[in-house]
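The values are calculated or read from the model by the stated rules, or taken from the named source; none is laboratory data. The shown structure was predicted, so the numbers you read here are calculated from the model rather than taken from an experiment. Cβ: placed from backbone, ideal geometry, glycine included. Neighbour counts: every protein chain shown. In case anyone asks, the SASA skips ligands and DNA or RNA and just uses the protein heavy atoms, side chains included. Shrake-Rupley method; radii C 1.70, N 1.55, O 1.52, S 1.80 Å.
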Amino acid sequence: MLWVDKYRPKTLDQVMVHQDIALNLKKLVTEQDCPHLLFYGPSGSGKKTLIMALLRQVFGPGAEKVKVENRTWKIDAGSRTIDLELTTLSSANHVELSPSDVGFQDRYIVQEIIKEMAKNRPIDIKGKRGYKVLVLNEVDKLSREAQHSLRRTMEKYSASCRLILCCNSSSKVIEAIRSRCLNVKINAPTEAQIVKVLEFIGKKEGLQLPSGFAARIAEKSNRSLRRAILSFETCRVQQYPFTTNQAIPPMDWEEYVSEIASDIMKEQSPKRLFQVRGKLYELLTNCIPPEIVMKRLLYELLKRLDAELKHEICHWAAYYALACSVCNLFAA
Amino acid sequence: MAPMLQSSQPWVEKYRPKQVKDVAHQDEVVRVLTNTLETTSCPHMLFYGPPGTGKTTTALAIAHQLFGTRPELYKSRVLELNASDDRGINVVRTKIKDFAAIAVGSAQRLGGYPCPPYKIIILDEADSMTEDAQASLFRFSWIIEPLASRCAKFRFKPLSEEIMSSRILHICKEEGLNLDAEALSTLSYISQGDLRRAITYLQALRKTVLGAARLFGSSISSKDLISVSGVIPQDVVEALFTACRSGDFDLANKEVNNIIAEGYPVSLSLSQLFDVVVEAEDISDEQKARICKCLAEADKCLVDGADEYLQLLNVASHVMRALCDMPEEFNYES
Ligand SMILES: Nc1ncnc2c1ncn2[C@@H]1O[C@H](COP(=O)(O)OP(=O)(O)OP(=O)(O)O)[C@@H](O)[C@H]1O
Ligand SMILES: Nc1ncnc2c1ncn2[C@@H]1O[C@H](COP(=O)(O)OP(=O)(O)O)[C@@H](O)[C@H]1O
Ligand SMILES: [Mg+2]
Ligand SMILES: [Mg+2]
C-alpha cells in the first residue's frame, strides 16, 4: 500500500492537520444529525480524509467496509434509453461517486441515484427511519444541469439522504447549491504541518531523516500533503539512507513542461513552435488536463522572464486556459 | 450492527413559512397574492430571484393555502415538477397531460378561502428545465406563447439586513439562543441576503460552539461566525493590494498563491478587493475604473468556468499596472 493510503488518518481524533475542523465536525454530527456539507479547498489538502473520517464518526467502522462496483444505469430518456456506466464505492450507509465522469449526462446519474437512495432508506429495529449519505466528488466539474437538478432534491429528500459534496473551486458551484450546504473550507496545510506529518511517517517506518530533509520536500510540494507524501516515498525508493542534499525528484510531466519552457525561451521560430506543439500534444494524450499544463508552463516561464513580459504571459495564460475549458465543454 | 441515525428536521425546513402572509420581506408579492387567493381567479405566475429568498416557499404556501385543508384534493390538484425530477420531453408531456385530464368540480368555499376550480402546476426551477421540455410545454393549448410572457412575474429581492435580523431573532428565541448585536449583523453580512444560508450557519454554530449539551440562553459570537463562513480576513486582501502597489510581480504572485492555498473562493476575493479599491483614497478615478473593469471581466470568466488561480493572477497583474501607471494594452511592435 502506498504511504498516502497507509498513513491516512482513519478517525477524526487521529488527524494531524485540520484538528480544529475535525473537532467541529465531530460536534456537528452529534445528536445524529447533520446538514448537507460542501467541502472545498486545493487538491491534496485533506478533504477526502476528513470526509471518510466523518463517515466513520457517524456510521462506525462499518463505513470502511466499502465495495467497489461498476454500475450501469438504464435511463429512459423518452425516445431512447441511455446506458450510463460509473464506478461507485458504497457501504451499508453511504454511496460515493464522481458523476462528472460520465460527461454531460451526469444529471441523469444525480437524479437516479438520489431517488434510489431515498427509496432504500434504512430502518432500525425500533422502526425508526435513518438517513443515508451520498458523497459526490468533483462537484465543480458537474454540468450546470446536473447542479440544478440537485437543488430541489436536496430539500425534498433531506430527511432520507444527506449530501457531502467535495470540490476544489467553490466558485464553480452554483450559488443555489452553496446556499443549501454548510460550506467547509479546507486550506492547504502549511509547510510546517507537512513537515510534522512527514516526520511522523518517517518515525513509523523507522527511517533516519537528515535535518532539513523533510522541510525540503515540504517546500517542493506546493503545500499539497499528498504530493509531499508521494515524493517522500519516491525518495525512499530511490536512495536510502537519505543524504542531506539528496535530490527530490519532480514529477515526470513537470520535468517535461520545464523542458518545453526552455525550448520556448531558446528560440522563437515556426519550427520551434511546431516542436513545442508536438510536446504539448504528448502531455494531453497522457491525460494531463490542459489547465494544469497551462499553469505549470506559466510557472516555468515566469521563472525565466523579465518583469514586463510576466504581465503579458499571465494575461494569455488566463485567456487560453479559459478557451480550453470552454472547448472541452462543447466537446463533451 | 451499525448505529442507526435518526434524522431530525433541519431548521431551514422547520422554519419554512406555511402561509403566504408569513413570507418575509417580499411585501409586494405577498400583497398581490393575498388578493388573488381571496378571489377565484389566478394568473400563471413566475417567481424569480436569488437563492434562499422565498420562491419555493411561496409556491408551496399558495398550494397549501388553496388545497391544504383538503388533503384528498391536494394530490389531484397540485403537481410539483422540478429540475431534480427528470424533465425530458416525455415526462413533462405525460405528467402534465395526465394531471390535466382529471376534471375539477365547481368552486366551493372552504376554510375562508375558496377552493378554486383549477389545478396548480409548480414548475420549480423552470430556468433549468431542458430546452426540449420547455418547448413541449409551449405546445400545450393553454400555453401558446413562450412561458415567461404568459406569466405574472414576481421578483424576489435579497432580504434586507433588518428583515434578516428579525427572522433570525425569531428563530433564536424559539431555539433558546443568544446573539449579540454584533453577531447578528455579522450573520446578516456573511449571508448576503440569503436567509437559507443564515439559518444553516446558525444551526451549525448551535452545535459546534455550544456542543451537544443544549444550554438555554447560550450565546454565539461574531468571531465564531467569521470562522465558519469562509469570509476572507481583511488583512489577506490588503496584503494582495499592497503587493500590487509595490509593482513587484513575484510578490503579487506569492499573495495570489497564498489565497488559493488557503482555499478562499476567488469570486469572494474579487468582491472584497473591489471594496478595498473603491475605498482607497490615494488612487485616481481613472485607476479605479481600470481596476473595476478587470474585476468585472474576471468575475464573468469565473462564471464561465475559468481557473481560479489564473484569473486572480491576471487581476493582480491588471491592478498592478493600473496602480503603477503602466500601459493597459501590451505593445506588439519589435
Ligand atoms: N422571504 C422569506 N421569509 C421567510 N423565510 C424565508 C424567506 N426566504 C427564505 N426563507 C427561508 O429559507 C428557506 C429556503 O427558501 P426557499 O426554498 O423559498 O428559497 P428559494 O427562493 O426557492 O431558493 P432557490 O432559488 O435556491 O431554490 C426556507 O425554508 C425558509 O426557512
Ligand atoms: N489531517 C491529516 N492528517 C494527516 N495526514 C493527512 C491528513 N489529511 C490528509 N492526509 C494525507 O494526505 C493525503 C491526501 O489527502 P486527501 O484527503 O486525499 O486530499 P484531498 O481530498 O483534499 O485531495 C492522504 O492520503 C493522507 O495520507
Ligand atoms: Mg481528492
Ligand atoms: Mg427553490
Practice prompt. Arrange the peptides B:168-180, A:101-113 so that the one whose residues have, on average, the most other Cβ atoms within 10 Å appears first.
Written response: A:101-113, B:168-180
Worksheet entry | Dipole magnitude (debye, nearest 20) for chain A, charges at Cβ of Lys, Arg, Asp, Glu | 1000 debye
Worksheet item: Once fully extended, how much extra length lies between B:N35 and B:E161, figured as 0.36 nm per residue of separation less the alpha-carbon to alpha-carbon distance?
Response: 42.6 nm
Discussion item. How big is the dipole moment of segment A:250-332 about its Cα centre under a simple scheme where the beta carbon of each Lys and Arg is +1, that of each Asp and Glu is -1, and everything else is neutral? Debye, nearest 20, please.
Written reply: 160 debye
Item to complete: Wrap a convex hull around the Cα atoms of segment A:237-332, take a quarter of its surface area, and give that in square nanometres.
Response: 8.6 nm²
Discussion item. Keeping all protein chains in place and using 1.4 angstrom, which order do A:M154, A:M16, A:M52 fall into by accessible surface area, from largest down?
Written reply: A:M52, A:M16, A:M154
Worksheet item: For chain A, what relative contact order do you get, as a whole percent, if you take Cα pairs closer than 8 Å and at least 6 residues apart?
Response: 16 percent
Worksheet entry | Distance (nanometres) between label positions extended 7 Å along Cα→Cβ at A:E259 and A:K220 | 1.8 nm
Response to the item:
Inter-part gap, Cα centre of segment B:263-323 to Cα centre of segment B:151-212, in whole angstrom, is 29 Å
Discussion item. Cβ neighbours within 10 Å, averaged per peptide: list A:291-304, B:151-164 in order, most packed at the top.
Written reply: A:291-304, B:151-164
Worksheet item: Expressed as a whole number of Å, what is the distance separating the alpha-carbon centroids of segment B:9-32 and segment A:132-176?
Response: 24 Å
Practice prompt. Count, for each residue of B:298-305, the Cβ atoms from other chains sitting within 10 Å of its Cβ, then give me the mean as a whole number.
Written response: 4
Discussion item. Let me cross-check B:L323: its accessible surface, 1.4 Å probe, with only protein heavy atoms counted, in Å² to the nearest 10?
Written reply: 30 Å²
Practice prompt. Quick one: dipole size for segment B:293-334, taken about the Cα centre, charges +1 on Lys/Arg Cβ and -1 on Asp/Glu Cβ, in debye to the nearest 20.
Written response: 100 debye
Worksheet item: When only C-alpha pairs under 8 Å and at least 6 residues apart count, what is the relative contact order of segment A:185-311, in percent?
Response: 19 percent
Practice prompt. Would you mind checking the pairs A:K271/B:K254; A:K67/B:K14; A:K27/A:K132 and listing those with alpha carbons more than 24 angstrom apart?
Written response: A:K271/B:K254; A:K67/B:K14
Discussion item. Between segment A:196-219 and segment A:1-46, what is the separation of their alpha carbon centroids in Å?
Written reply: 23 Å
Item to complete: Calculate the mean, over all residues of peptide A:178-188, of how many other protein chain Cβ atoms lie within 10 angstrom of the residue's Cβ.
Response: 6
Worksheet entry | Virtual paramagnetic centre 7 Å along Cα→Cβ of B:D282, amide N under 17 Å, in segment B:234-248 | B:238-248
Worksheet item: Suppose R0 equals 22 Å; then what is the FRET efficiency for A:N120 and A:E64 from their Cβ-Cβ distance, rounded to the nearest 0.05?
Response: 0.60
Worksheet entry | Potential lengthening between B:D275 and B:K173 on full extension [0.36 nm per residue; Cα-Cα distance subtracted] | 33.3 nm
Worksheet item: Given a Förster distance of 35 angstrom, what is the FRET efficiency for B:C324 paired with A:A323, based on the Cβ-Cβ distance and rounded to 0.05?
Response: 0.80
Discussion item. Relative contact order of segment B:244-334, please, whole-number percent, based on alpha carbon pairs below 8 angstrom and at least 6 residues apart.
Written reply: 44 percent
Discussion item. Using a Debye calculation, one point per C-alpha and no hydration shell, please list log10 I(q)/I(0) for segment A:161-308 at q = 0.15, 0.20, 0.21 Å⁻¹ in order.
Written reply: -0.98, -1.16, -1.20
Response to the item:
Partner shielding of B:263-275, as the mean number of partner chain Cβ atoms within 10 Å, equals 3
Worksheet, complete the sentence: Computed for A with B: buried accessible area summed over both chains, 1.4 Å probe, rounded to 100 Å², at 6200 Å²
Practice prompt. Using per-residue counts of other Cβ atoms within 10 Å, averaged over each peptide, order A:34-40, A:264-270, B:48-54 from highest down.
Written response: A:34-40, B:48-54, A:264-270
Worksheet item: What full-extension length gain, to one decimal in nm, is calculated for A:E233 and A:M1 as 0.36 nm per residue of separation minus the Cα-Cα distance?
Response: 82.4 nm
